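Visitor: Quick one: the structure is below, questions incoming.
Read the figures in this text as sums done on the coordinates, not as results from a lab. Treat the numbers as computed from the prediction; the structure is a model and nothing was measured. Because the Cβ atoms are built from the backbone with ideal geometry, glycine has one as well, and the counts that use them run over all protein chains shown.
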Amino acid sequence: MGDGTPAQTIDVLGVSVVVARADLNHPLQQGNKRWKLKHNIQAAQQKNAEVVITFGGAHSNHLLATAHAAHQAGLSVLGVVRGHELQDRPAVWSETLHQCQQLGMQLVFISRADYRLKQAAPVVQALRQAKPTAYLIPEGGSNQLAVQGVADWLQGWAAHLAEPPTHVLCPVGTGGTLAGLVKGAQAMDWRTWLGGVVVLKGMRSLAADIRRWVGPDTAQVQWELLTEFHGGGYAKLSDEMLRFGVTFSQQTGVPLDKIYNIKSFYALAQMIQAGRIGIQDRPLLIHTGGLQGGSLSPPQVPTEPE
Ligand SMILES: Cc1ncc(COP(=O)(O)O)c(C=O)c1O
């Protein structure tokens, strides 16, 4: 349906859970990436942007998805990559960076200190001066247009469901995806609880960012950030989570990435075990992809959100 995201119903501890298998919607613009990029790429085209500029680490799903989306749209694209040490050393690049380059993305490597400054970094300022019509997409791809893309997807995809879900869960990095789901649920007037499973430790600005993206009218929709399932921090996992993920994937055939979805699926199982979600409920879990680097045993362990 819609963008090719299948719905799969699975049994989790006796509860029937609908999984939106967005990991299957596209090989490179997988999961939430596709929804977040859609309106941004259109905006870049409408503005006749000479180049799309975005940011990411060496293993960034977002960087690769943007490279592919820009390539498809016939737009030039430049990726600002964290890690000056990678400059001129393609032999040590990740597969992601090689793929980005093959798709025509120009790669500019900057130091970690500069990377922290993001759009204010001197290299980025210089690029913007040299290319005044450049279209900037922030790290992780979250902005208002990305949020709208997720909201639009949910509204289109909801035709899969006989009834609105009682609970919706997704993993959270920057919060753009959760904000979009809240907006979409709000537009459909769902009386639903949405939970965002935060994969990082100590992200204080998340709730404020999400509130800003969602806007003031949250009507009947309640949302919450679940901060107890980070498993030790970004790209870290507790042993229990890892065991859960391996068993779960074997039993259901649903592959999970180690950074995002293992934590949201684990959180759902924990909530069912704790009685917060029961057999009378209709939970929906959004599988946001992240499997470009493989499932459960990806070679890469990035250090910050991508
Ligand atoms: C696979 C995957 N799932 C979830 C997320 C988190 O999405 P968001 O940053 O919109 O919270 C990301 C990062 O964008 C991701 O790559």
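Visitor: Could you name the lysines whose alpha carbon sits less than 16 Å from that of Lys131, not counting residues in the same chain fewer than 8 places away?
Guide: The reachable lysines, counting only those whose Cα sits under 16 Å from Lys131, are Lys47.
Visitor: Extending each Cα 7 Å along its Cβ direction at Gln8 and Arg212, get the distance between those two points in nm, one decimal.
Guide: 3.6 nm
Visitor: Using the Cβ atoms and a cut-off under 10 Å, what net charge is assigned to the surroundings of Ala134, where Lys and Arg are +1 and Asp and Glu are -1?
Guide: Counting the neighbours of Ala134, the net charge comes to +2.
Visitor: Sticking with this one: Which of Leu284, Thr66, Leu28 sits farthest toward the positive end of the charge dipole of the chain, with +1 on the Cβ of Lys and Arg and -1 on the Cβ of Asp and Glu?
Guide: The residue sitting farthest along the positive end of the dipole is Thr66.
Visitor: Of the residues Ser205, Ser264, Ser60, which exhibits the maximal mean-square fluctuation in a Gaussian network model of the chain defined by a 10 Å Cα contact cut-off?
Guide: Ser205
Visitor: Which pairs break 25 Å Cα to Cα here: Lys38/Lys236; Lys183/Lys236; Lys38/Lys183; Lys118/Lys263; Lys38/Lys201? Don't skip to the end; give the middle numbers.
Guide: Details: Lys38/Lys236 30 Å; Lys183/Lys236 30 Å; Lys38/Lys183 16 Å; Lys118/Lys263 27 Å; Lys38/Lys201 29 Å.
Long pairs (Cα-Cα over 25 Å): Lys38/Lys236; Lys183/Lys236; Lys118/Lys263; Lys38/Lys201.
Visitor: Still on this model: With a sphere of radius 10 Å drawn around the Cβ of Gly175, what net charge do the other residues whose Cβ falls strictly inside it have (Lys, Arg +1; Asp, Glu -1)? Let's see the in-between values first.
Guide: Numbers: positive: Arg211, Arg212; negative: Asp209.
Taking every Cβ under 10 Å from that of Gly175, the sum is +1.
Visitor: Also, I was wondering about something else. Just how large is the dipole of the chain about the Cα centre, in debye to the nearest 20, putting +1 at every Lys and Arg Cβ and -1 at every Asp and Glu Cβ?
Guide: With Lys and Arg at +1 and Asp and Glu at -1, about 520 debye.
Visitor: Round to the nearest 10 and give me the degree value, 0 to 90, for the angle of helix 61-73's Cα axis relative to the longest principal axis of the chain.
Guide: 70 degrees
Visitor: So what is the 222 nm mean residue ellipticity for the chain from helices alone, if each DSSP H run of at least 4 adds -39500 (n - 2.57) and you divide by all residues, rounding to the nearest 500 deg cm²/dmol?
Guide: Numbers: 10 runs with 113 residues, N = 306.
When only DSSP H runs of four or more count, the value is -11500 deg cm²/dmol.
Visitor: Please work out whether the range 186-231 counts as rounded, prolate or oblate from its C-alpha gyration tensor, where a ≥ b ≥ c are the square roots of the eigenvalues and a/c under 1.5 means rounded, while otherwise a/b larger than b/c means prolate and anything else oblate?
Guide: Cα axes put the range 186-231 in the oblate bin.
Visitor: Is the shape of the range 60-195 best called rounded, prolate or oblate, per the rule: a/c under 1.5 gives rounded, else a/b larger than b/c gives prolate, else oblate, with a ≥ b ≥ c the square roots of the Cα gyration tensor eigenvalues?
Guide: On the way: a/c = 2.32, a/b = 2.21, b/c = 1.05.
Since a/c reaches 1.5 and a/b is larger than b/c, the shape of the range 60-195 is classed as prolate.
Visitor: In addition: Can you give me the angle between helix 176-187 and the longest principal axis of the chain, using Cα atoms only, in degrees from 0 to 90, rounded to the nearest 10?
Guide: 50 degrees
Visitor: What is the Cα radius of gyration of the chain over 2.2 N^0.38 Å, N being its residue count?
Guide: Rounded to two decimals, the normalised Rg is 0.97.
Visitor: While we're looking at this one, here's another question. Roughly how many whole Å is it from the C-alpha centroid of the range 195-253 to that of the range 122-185?
Guide: Taking the Cα centre of the range 122-185 as reference, the centre of the range 195-253 is 16 Å away.
Visitor: In addition: Determine the shape class of the range 59-129: with a ≥ b ≥ c the square roots of the Cα gyration tensor eigenvalues, call it rounded for a/c under 1.5, and otherwise prolate if a/b is greater than b/c, oblate otherwise.
Guide: oblate
Visitor: Which of Gln46, Gln292, Gln102 moves the most in a Gaussian network model of the chain with Cα springs under 10 Å?
Guide: Evaluated over the chain, the most mobile residue of the options is Gln46.
Visitor: Net charge near Met271, counting Lys/Arg +1 and Asp/Glu -1 over other residues with Cβ under 13 Å of its Cβ?
Guide: -1
Visitor: For the chain, give the share of DSSP beta bridges that are antiparallel, in percent and rounded to the nearest 5; count only bridges with both residues there. Mind showing how you got there, number by number?
Guide: Numbers: 6 of 36 bridges.
The antiparallel proportion sits near 15 percent.
Visitor: When the chain is modelled as a GNM with alpha-carbon springs shorter than 10 Å, which of Gly196, Gly245, Gly232 fluctuates the most?
Guide: Result: Gly232 has the largest fluctuation of those listed.
Visitor: Something else about it: If R0 is 51 Å, what FRET efficiency do you get for Asp189 and Val123 from their C-beta distance, rounded to 0.05?
Guide: 0.65
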